[in-house]
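Student: My questions all concern the structure below.
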Amino acid sequence: MKIITFSAIKGGVGKTTLAFNYGEWLAKNGKHVLFIDLDHQSNLTQTYNIYDNQDTVGNIFLDRGKVKIHEISAYISLIAGDMHLDDIERTIENKTNKNMFLYMWLSDNYERLNLGKFEYIILDCHPDFSTATKNAVIISNAILSPITPSEHGYNAKFNLEERINELRKEAIDYSTRKSYVTTKLFFIANMI
Ligand SMILES: Nc1ncnc2c1ncn2[C@@H]1O[C@H](COP(=O)(O)OP(=O)(O)OP(=O)(O)O)[C@@H](O)[C@H]1O
Ligand SMILES: [Mg+2]
């Protein structure tokens, strides 16, 4: 299984569009893809005409309730975004394990939900480096970050690199001192 996160600290750079196209392309090539929508704008979820705010990704962070895996097609499934995910993030702000909820959910539910059948998990993030984004970074093999041709777009690149390096130092196993952050970071030039 490969876990790939689309993230950028700048909005409107193409995270959702590229996540969608990449997942659809993988599915056309016979790969089983699970999308997880971590953006409370839920644009990726809405692309698949899902507007229901029940059993969403929010339950992963509340550590309660069901998380529904919507079967979109034979090769594409999706965990819907939650319009209140920003509020949920604030409720867990003071928990010491707040960056590990996705990691724990994946390992706790791997067998029960047969998550091993997905060759790719693709996460779409809100344009920030919030708790939900940190959770995604910690479980990822790769982060794909679109950058657009502008001064602010270029500066956002360094911002993300720095934030990931900070998280790498912070998110460690306290006994071995090894970091949970093992992801590679790639930038994609978009909208040129
Ligand atoms: N390569 C591209 N060429 C032309 N238009 C693009 C391209 N990539 C994205 N867009 C358009 O740019 C707009 C923003 O894209 P998108 O919603 O994917 O960005 P985002 O980074 O997910 O935004 P947000 O930060 O709000 O989540 C959309 O209208 C999308 O269709
Ligand atoms: Mg988006």
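The values are calculated or read from the model by the stated rules, or taken from the named source; none is laboratory data. The shown structure was predicted, so the numbers you read here are calculated from the model rather than taken from an experiment. Cβ coordinates were reconstructed from backbone atoms using ideal geometry, including for glycine residues, and neighbour counts include every protein chain displayed. Each accessible area value is taken on the protein alone, full model and side chains, heavy atoms only, with ligands, DNA and RNA left out. Shrake-Rupley method; radii C 1.70, N 1.55, O 1.52, S 1.80 Å.
To keep it simple, each residue is scored yes or no on (1) more than 17 Å from the chain's Cα centre (by Cα); (2) of a type in the set (Phe, Trp, Tyr).
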site: Asp128; (1), (2): no, no
site: Ala132; (1), (2): no, no
site: Asn141; (1), (2): no, no
site: Ser150; (1), (2): yes, no
site: Asn155; (1), (2): yes, no
site: Phe158; (1), (2): yes, yes
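Student: With Arg177, Arg163 as the choices, which residue is over 23 Å from Met83 (Cβ atoms), open to solvent by 10 Å² or more (accessible area, probe 1.4 Å) and free of Cβ contacts under 8 Å to residues at least 60 places away in the same chain? Give the steps one after another, and end with the answer.
Tutor: Details: Arg163 fails: free of Cβ contacts under 8 Å to residues at least 60 places away in the same chain.
It is Arg177.
Student: Suppose the filter is open to solvent by less than 10 Å² (accessible area, probe 1.4 Å) and either touching a residue at least 12 places away in the same chain (Cβ under 8 Å) or over 20 Å from Ile188 (Cα atoms) (or both); does Leu62 pass it?
Tutor: It is false that Leu62 is open to solvent by less than 10 Å² (accessible area, probe 1.4 Å) and either touching a residue at least 12 places away in the same chain (Cβ under 8 Å) or over 20 Å from Ile188 (Cα atoms) (or both).
Student: Now for a separate question. Can you find, within the range 180-192, the residue that is least open to solvent (accessible area, probe 1.4 Å) among those that are within 18 Å of the chain's Cα centre (by Cα) and in contact (Cβ under 8 Å) with a residue 60 or more places away in the chain?
Tutor: Ranking the qualifying residues of the range 180-192, first place goes to Thr183.
Student: So, one more: Residues in the range 1-15 that are within 13 Å of the chain's Cα centre (by Cα) and away from ligand 2 (no atom under 14 Å from the Cβ): how many?
Tutor: Selection size over the range 1-15: 3.
Student: Do you know which of the residues in the range 1-23 that are open to solvent by 70 Å² or more (accessible area, probe 1.4 Å) and of a type in the set (S, T, N, Q) is nearest to ligand 1 (Cβ to nearest atom)?
Tutor: Among them, the one singled out is Thr17.
Student: Also: Kindly establish whether Gly65 is over 29 Å from Glu162 (Cβ atoms) and either modelled with pLDDT of 95 or more or more than 16 Å from ligand 2 (Cβ to nearest atom) (or both).
Tutor: So Gly65 passes the test.
Student: Is there any pair with a first residue in the range 16-27 that is more than 9 Å from ligand 2 (Cβ to nearest atom) and a second that is open to solvent by 40 Å² or more (accessible area, probe 1.4 Å) whose Cβ atoms are under 8 Å apart and which are 6 or more apart or on different chains, and what are they?
Tutor: As it stands, the answer is Leu18/Ile188; Phe20/Thr47; Gly23/Tyr120; Leu26/Tyr75; Leu26/Glu119; Leu26/Tyr120; Ala27/Ser73; Ala27/Tyr75, since those pairs meet every condition given.
Student: Being surrounded by 14 or more Cβ atoms within 10 Å (Cβ to Cβ) and either more than 18 Å from Tyr110 (Cβ to Cβ) or among the small types (Gly, Ala, Ser) (or both) is the filter here; which residues of the range 65-75 pass it?
Tutor: His70, Ile72, Tyr75
Student: Does Leu26 satisfy being at pLDDT 95 or above and closer than 15 Å to Ile139 by Cβ?
Tutor: no
Student: With Leu44, Leu78, Leu26 as the choices, which residue is buried (at least 19 other Cβ atoms within 10 Å of the Cβ), touching a His at 6+ places or on another chain (Cβ under 8 Å) and not in a loop (DSSP other than H, G, I, E, B)?
Tutor: On inspection, the qualifying residue turns out to be Leu78.
Student: OK, next. Being under 30 Å from Asp173 (Cβ atoms), within 15 Å of ligand 2 (Cβ to nearest atom), open to solvent by 10 Å² or more (accessible area, probe 1.4 Å) and within 16 Å of the chain's Cα centre (by Cα) is true for just one of Asp37, Asp86. Which residue is that?
Tutor: When all the criteria are applied, what remains is Asp86.
Student: So for the range 149-156 (the condition being open to solvent by less than 70 Å² (accessible area, probe 1.4 Å) and not in a helix (DSSP H, G or I)), does at least one residue qualify?
Tutor: yes
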